[in-house]
Amino acid sequence: MRIAIAGGGPGGLYLAARVRHLIADSEVTVWERNHPGDTFGFGVVFSQAALNGIREADPELHEDLAAHFVHWPDIAVHYRDEIVTSSGHGFAAIGRKELLGLLRERCRKAGASVLFGAQAPPLDRLVAEFDLVVCADGAHSQTRARHREVFGTELDPRTSRYIWLATDKPFDALTFLIAETPYGPLHGHAYPFDTGRSTFIAEADERTWRAAGFPSGDEAPPTADGSDRWAIGRLEEIFSAALQGHRLRGNRSRWRRFTVVRNRKWWHENVVLLGDAAHTTHFSVGSGTKLALEDALSLATCLQQCGSVPEALALYEAERRPAVAATQRAAQVSLEWFEDIGRVIGLSPSRFALELLTRSGRLTYSDLTAAAHTSNSDCQTEIK
Ligand SMILES: Cc1cc2nc3c(=O)[nH]c(=O)nc-3n(C[C@H](O)[C@H](O)[C@H](O)COP(=O)(O)OP(=O)(O)OC[C@H]3O[C@@H](n4cnc5c(N)ncnc54)[C@H](O)[C@@H]3O)c2cc1C
């Protein structure tokens with residue numbers, strides 16, 4: 001079986017390695033427009049449940065990842081000079097660069113061919129030359145666009161703006177930082193991803209973002225790596241209390257709008273969607289990479305087990321759609337909660353934290369009470 005994969009992100013690379021591992025006579029080619037080591041973003045976080053799933057399905061990948069993971073048990077909400085901490089959860093994170101490096105190495109060992117600095121050829125050519133074409137080229141997939149009608153692609157660009165940064169402050173929890181400014185509330189999502197470095201994503205609703213005067217798109221002066229210099233400087237000031245003198249760093253980091261991607265159908269003839277090309281989930285629930293890896297695991301297994309490509313693609317979609325739909329529902333509630341954060345500004349710190357942590361229904365009050373406490377330098381209060 002000859003398989004073409006457009007896009008060498010986590011989904012495309014893992015599918016390539018997995019297919020080669022399971023199907024000895026397969027021939028797999030991945031086109032990735034970036035060069036190895038050039039990627040956007042910083043760390044990606046996985047919940048303990050996501051890690052358990054990966055360990056069960058692919059212990060070897062889990063072992064590779066485990067050697068790079070940073071682990072922690074807590075979620076912390078910084079709000080109005082108080083830190084509300086909820087313990088006993090279990091998270092792990094890894095740098096996106098490290099994750100892609102591990103997956104590239106697995107492709108090399110498995111004998112999949114990965115072409116870097118290479119735009120995927122036009123879809124019609126791939127369709128004619130390969131038994132299966134996988135669109136794994138992300139949320140703004142060009143290969144998917146060719147069959148937009150057939151896939152029933154729905155793109156919903158949200159109005160809030162976010163920017164994906166890192167900091168050399170070693171946060172020790174999945175941390176939500178709320179900054180009340182004269183323009184409105186901004187929030188940060190931070191978590192460690194290796195020793196001494198943390199992801200830091202800042203987000204603001206459109207009104208606050210505009211009132212704060214952030215230059216949009218490419219208007220802002222760039223740093224050496226092409227990041228928005230003005231945003232980095234302003235966010236260092238806005239979040240100075242939490243950053244405690246540490247700097248924010250970019251990696252081609254610019255303000256963007258998150259786009260929710262949904263497709264009514266995930267495959268057509270010998271073309272199939274995978275990962276963000278098929279579905280996106282807001283970063284506040286930290287699940288997109290996990291879903292892309294799970295899609296790859298499922299599709300590779302279906303291809304191995306089924307007698308024909310259409311049968312495999314139908315089984316893949318049937319297997320994956322319910323889990324993806326459940327996560328997308330939770331992610332939608334979560335993104336809307338953050339878009340409308342002004343509604344809960346003014347609650348007491350413990351009440352605010354409770355609302356934030358239970359916003360999507362994935363955590364309930366009883367999940368939280370066991371080990372929850374609030375703290376600042378002097379105060380210890382139970383969440384009630
Ligand atoms: C701010 C932010 C934070 C996030 N944090 C987390 C997190 O903590 N945990 C988590 O699980 N997920 C997180 N995600 C989601 C995660 O990044 C994505 O869900 C995941 O990367 C999807 O993987 P993918 O392989 O489907 O697509 P992508 O990672 O987007 O990879 C697609 C690849 O295709 C390549 N490509 C595109 N077009 C072409 C073309 N025409 N030819 C060749 N190559 C092409 C791109 O260069 C890219 O490498 C976050 C996302 C954002 C925006």
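General observations
- C-alpha long axis of helix 10-22 to longest principal axis of the chain, angle in °: 40
- Heavy atoms of His140 accessible to a 1.4 Å probe, total area in Å² rounded to 10: 130
- With the convex hull drawn around the C-alpha atoms of the chain, the volume per residue stands at 135 Å³.
- Sequence of Arg106, Arg247 from largest to smallest accessible area, 1.4 Å probe: Arg247, Arg106
- Accessible surface of Lys265 - all protein chains present, 1.4 Å probe, nearest 10 Å²: 70
- Mean separation of Cα contacts under 8 Å (6+ apart) over length of the chain, as relative contact order %: 21
- A Gaussian network model of the chain, with springs between Cα atoms under 10 Å, assigns the largest mean-square fluctuation among Ala110, Ala224, Ala136 to Ala224.
- Rounded to the nearest 10 square angstrom, Thr358 shows an accessible area of 40 square angstrom against a 1.4 Å probe.
- Surface composition of the chain: carbon plus sulfur atoms contribute 49% of the solvent-accessible area (1.4 Å probe, protein chains only, all chains present).
- The charge dipole of the chain, taken about its Cα centre with unit charges on the Cβ atoms of Lys, Arg (+1), Asp and Glu (-1) only, comes to about 480 debye.
- The residues of the chain expose, per residue, 43 Å² of accessible area to a 1.4 Å probe.
The values are calculated or read from the model by the stated rules, or taken from the named source; none is laboratory data. This one's a predicted model, so the numbers in the text were calculated from it and none came from an experiment. Methodologically, a virtual Cβ is constructed for each residue, glycine included, from the backbone with ideal geometry; neighbour enumeration extends over all protein chains shown. Surface accessibility is based on the protein's heavy atoms, side chains included, excluding ligands, DNA and RNA. Shrake-Rupley method; radii C 1.70, N 1.55, O 1.52, S 1.80 Å.
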